[in-house]
1. On the accessible surface of the stretch 93-212, probed at 1.4 Å, how many percent belong to carbon and sulfur atoms?
2. Return the distance in nm (one decimal) between the two label points of a simple spin-label model at K185 and T11, each offset 7 Å from Cα along Cα→Cβ.
3. Considering only Cα-Cα distances, which of the following residue pairs are longer than 18 Å: K38/K78; K78/K132; K38/K132; K26/K138; K35/K58; K26/K132?
4. If the viscosity is 1.567 mPa s and the temperature 4 °C, what translational diffusion coefficient in µm²/s does Stokes-Einstein give for the stretch 117-160 when Rh comes from Kirkwood over Cα pairs?
5. Report the FRET efficiency, 1/(1 + (r/R0)^6), for T63 and T192, where r is their Cβ-Cβ distance and R0 is 22 Å, rounded to 0.05.
6. If contacts are Cα pairs under 8 angstrom and at least 6 residues apart, what is the relative contact order of the stretch 127-212 in percent?
7. Starting from one equal scatterer on each C-alpha and no solvent at all, send me the Debye-based log10 I(q)/I(0) for the chain at q = 0.11, 0.15, 0.19 Å⁻¹, two decimals.
8. Would you calculate the volume per residue, in Å³, of the smallest convex hull containing every Cα atom of the stretch 49-150?
Amino acid sequence: MGWQLLDAHQTAESAELVISTFEMLKDVIRNQFAKTIKESFERIRELILTTLNSPAFKEACQTIEGETACLFVVRRGKFLWWFSIGDCALYLFHPELSALNEYQQNHRSFYEWVGRVNTFDLPVPCYSEGRKELRKGKNHLLLTTDGLIECPNTDFGNPKEICKPFESYSNDDSVRNLLEEIKEKNVRDSTTIISWFVHIEPAATLPSDANG
């Protein structure tokens, strides 16, 4: 399964361009899921880079106003892969990781966008990517734009505060509660949240001395 989170600035034209571009490639992307997990991650990565770096796409970027952060996330089996341009955030909540204060998976990077100002116009395009093995049991994945994290009069810069509502309410109600709270606290920026749970059966990697 795959998700795409965008955070456009100035106008929505940059987000619309990215969405329409990858919408035309949906059958090609879907075909990658017939391959092995490792190969599908590599092919999707290659497709994203080739598309965003193509002369046609870069020329289209110069005809619009504004730019967008982009976060692409794919999960297959117990593995997660992401490709990040800009400052959207990807969180993974699991008790084993929380015990070690591990929550955010990607690196929020400022001054990176796709659009009129375009990282792919640089001699060296700037982005980050990563892979993560999900833990055995219930994994909670959450993507958000920076409106939630930077909302005044809240502590949502702390991932522990973001996951608290999900401990007592359903996924839908928790997302709704977060959005209502930041609205009440005069959030400065529009906010998109994507949240879902995945139950993983296979055991995850542990150190060789875990049982010793």
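1. Reported share for carbon and sulfur atoms: 50 percent.
2. Modelled inter-label distance: 3.3 nm.
3. Values: K38/K78 12 Å; K78/K132 8 Å; K38/K132 12 Å; K26/K138 29 Å; K35/K58 29 Å; K26/K132 24 Å.
Checking Cα-Cα distances, K26/K138; K35/K58; K26/K132 exceed 18 Å.
4. Numbers: Rh = 14.3 Å.
It diffuses with D of about 91 µm²/s by this estimate.
5. 0.35
6. After rounding, I find 49 percent.
7. The Debye formula, applied to the Cα set alone, gives -0.57, -1.03, -1.44.
8. 111 Å³
The values are calculated or read from the model by the stated rules, or taken from the named source; none is laboratory data. Given the structure is predicted, the values throughout are model-derived calculations rather than measurements. We place every Cβ from the backbone using ideal geometry, glycine too, and count neighbours over all the protein chains shown. Ligands, DNA and RNA are stripped out before the accessible areas are found, and what is left, the full protein with its side chains, is counted by its heavy atoms. Shrake-Rupley method; radii C 1.70, N 1.55, O 1.52, S 1.80 Å.
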